[in-house]
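Written out below as structure tokens is the structure these notes cover.
The values are calculated or read from the model by the stated rules, or taken from the named source; none is laboratory data. Please read all numbers here as calculations on a predicted model, not as lab measurements. Quick reminder, even Gly has a Cβ in these numbers, built from the backbone with ideal geometry, and neighbours come from all protein chains shown. For the accessible areas, the whole protein counts, side chains as well, though only heavy atoms, and no ligand, DNA or RNA atoms are used. Shrake-Rupley method; radii C 1.70, N 1.55, O 1.52, S 1.80 Å.
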Amino acid sequence: MLKKMSMFFCTLPLIGCTTVPTSMHDERLADYKPKITETDFNYNPMSTPIAQYYKTELARGDDISGATLIDDGLSAFVVRAAFARMATKTIDLQTYIYSNDFSSKVLIGELKRAADRGVKVRILLDDYGTKSDIVDVMLLNQHPNIEVKVFNPVANRSRLLYYPQFLLDFNRLNSRMHNKLFIVDNVAYITGGRNVGSNYFYPETASNFSDTDVLFIGDMTKYATASFDDYWNYHLSIPASVFPKAKSARALKKLERKFAELERDSATQAAQYNKIISLAQDEYKNKKFDFSWGHGKFLADPPSKVEMSMTDKENYRGDIIQALQHLWDKTTDSVYMSAAYFVPGQGGLEHMMHEEKSGVHLTIVTNSLASTNAPTVYAKWEKYRKKLIESGADVYEFMLSAENLRGKEHDRERKQSSFSVLHSKTIVFDDNISWIGSFNLDPRSAYYNTENVAIFESKDFADKLRNMIINDTKTSWRVTLQDGEPVWTGSRPGDIKPRVYYHSPDTSVFRRLWKIITNIVPEKFV
């Protein structure tokens, strides 16, 4: 039956059937030759300028690393651009979503300029997250120093047939590469929750993701690069050269004209932009980045996770899950958690309740029904919220909007826009160990998507991350129970006294009804 459906999709009139390989084992890729090879990484990362500025700190031990929080979108963009300009050897970008909007174009413009200087650039995109053959970044594959690949693609590139193909190969295509990495000169990398798009970088966008990244330098980076290599070399990572639209020389020329027009037509803004990037570079070179020093691990799911059988996925306990369980088991005092999509499962709930009763106090910040972009996930979260509150946990749900800043102790401000979605995935254990990455505490991250996390042991850094989470509670609703039912309490700027709600704040009856309807989706698929 599935074979007949596949033939039907490829014989529909007037649609055509432009297909690409979905595996490197496809005979159409027998002559593929990579542009960027292992020889391009035959250099000492510690001899690069990025490492040399902090050579004294990095010389304290073989496994020492530095970490600094990037807690607002503008800084996240500026740091990426500044490090692209400081790169001298290699840049690796791995992302789930590439939005193909203004900030995305500016960022890939920085990567192209780095490649023009001779830097080797590898870009790995998830097919579902980017609809990759129609975005500008694919065109950069024509550059001699840039190679672009697409992870886990569908075969037929027709827009009309893109989604129906998921019915034919649901197990593989339902699992996506959710990893986020930006690695420079194999000595510095950024990881966290941010994809590539304006709503991850600019608070002025109508719908902004309030997120957290960390810049690491030092020993940990080699493990991030090794993970990137695993994905890059996996047979589901398909070269952009086989995607028809990525081969258009005319489209590349048009993109290059866009880059030139942006600089010419926005000369004042471009000059200001270049000044900001230069200031960030100077801050780094003059050792003014707020690094905390410690030891850490970088963990990632294997790319083969997407091809596991459904049964194997639902029984999967990879390095990330095992590390999370180990950290919970070692914790004796407190856990602070900022979890955008929080569905702990029955086992996770029981563990957290046991820890709370054993004296480990849990503080949770997650999305409210008003702020979430995934009401299906929120519907599942509600099932666990009451029991967590009853066990003694402090529970907060992110406000839809707030003018508050992130706390005066931070030099950079983290603002929420008119519609702000919490997107962080961070945890602090016992004010000493920090957890940050792409991993959502929900079934999709645990069983289906591939993820990556950084675990960093440094009390100084943990204090900063914990304080950031505490500051987020100030722009969130505190959820308590009254006669067994949830009550939301909180204050907006200018409020004389706290507001109290007996249903989800800032929501219409239709949104609350939609949340009830979406609850029919099985928890394992949220």
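The table that follows gives values for the structure above.
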{"quantity": "When each of K89/K285; K33/K89; K297/K515; K149/K313; K131/K305 is checked by Cα-Cα distance, pairs over 27 Å", "calculated": "K297/K515"}
{"quantity": "Two-site label geometry, A30 and E350: point separation in nm, points 7 Å out along Cα→Cβ", "calculated": "5.5 nm"}
{"quantity": "J(HN,Hα) series, segment 485-494, from Karplus relation 6.51 cos²θ - 1.76 cosθ + 1.60, nearest Hz, glycine and proline x", "calculated": "10, x, 10, 9, 10, x, 10, 9, x, x"}
{"quantity": "Solvent exposure ordering (accessible area, 1.4 Å, most first) of L173, L160", "calculated": "L160, L173"}
{"quantity": "Under 15 Å from K380, Cα to Cα: aspartates and glutamates that are on another chain or at least 8 residues apart", "calculated": "E397, D442, E523"}
{"quantity": "Computed over the chain, the ratio Rg/Rh where both radii use C-alpha atoms and Rh is Kirkwood", "calculated": "0.96"}
{"quantity": "Ranking by accessible area, most exposed first, for E147, E390 with a 1.4 Å probe", "calculated": "E390, E147"}
{"quantity": "Highest average packing first - 225-234, 277-286, Cβ atoms within 10 Å", "calculated": "225-234, 277-286"}
{"quantity": "Relative contact order for segment 465-526, counting Cα pairs under 8 Å that sit 6 or more residues apart, in percent", "calculated": "18 percent"}
{"quantity": "Chain lengthening between D483 and R257 when straightened (0.36 nm per residue, less Cα-Cα)", "calculated": "75.0 nm"}
{"quantity": "Quarter of the Cα convex hull surface for segment 52-206, i.e. its orientation-mean projected area (nm²)", "calculated": "10.9 nm²"}
{"quantity": "The chain, helix-only ellipticity at 222 nm - DSSP H runs n ≥ 4, -39,500 (n - 2.57), divided by all residues, nearest 500", "calculated": "-10500 deg cm²/dmol"}
{"quantity": "Whole-angstrom gap from segment 337-405 to segment 90-136, using each part's C-alpha centre", "calculated": "34 Å"}
{"quantity": "Relative contact order %, the chain, counting alpha carbon pairs below 8 Å whose residues are six or more apart", "calculated": "17 percent"}
{"quantity": "Stretch gain in nm, segment K330-I470, where the contour uses 0.36 nm per residue and the Cα spacing is subtracted", "calculated": "48.2 nm"}
{"quantity": "Added length on full extension, which subtracts the Cα-Cα distance from 0.36 nm per residue, Y501 to E38", "calculated": "160.8 nm"}
{"quantity": "Computed label-point distance, nm, for sites T56 and H361 using a 7 Å Cα→Cβ extension", "calculated": "3.9 nm"}
{"quantity": "Long-range amide H partners of H361 with built H, under 5 Å", "calculated": "S334, V335"}
{"quantity": "For P144, net neighbour charge (Lys/Arg +1, Asp/Glu -1) across residues whose Cβ lies under 15 Å away", "calculated": "+4"}
{"quantity": "Nearest-10 value in Å² for the accessible area of S358, using the 1.4 Å probe", "calculated": "80 Å²"}
{"quantity": "Area of R317 that stays accessible when all protein chains are in place (1.4 Å probe, Å², to 10)", "calculated": "110 Å²"}
{"quantity": "Theoretical FRET efficiency, 1/(1+(r/R0)^6), r = Cβ-Cβ of L279 and N519, R0 56 Å, to 0.05", "calculated": "0.70"}
{"quantity": "For segment 69-192, accessible area per residue (1.4 Å probe, heavy atoms of protein chains only), Å²", "calculated": "24 Å²"}
{"quantity": "Label-point separation, H143 to A323 (7 Å along Cα→Cβ), nm", "calculated": "3.0 nm"}
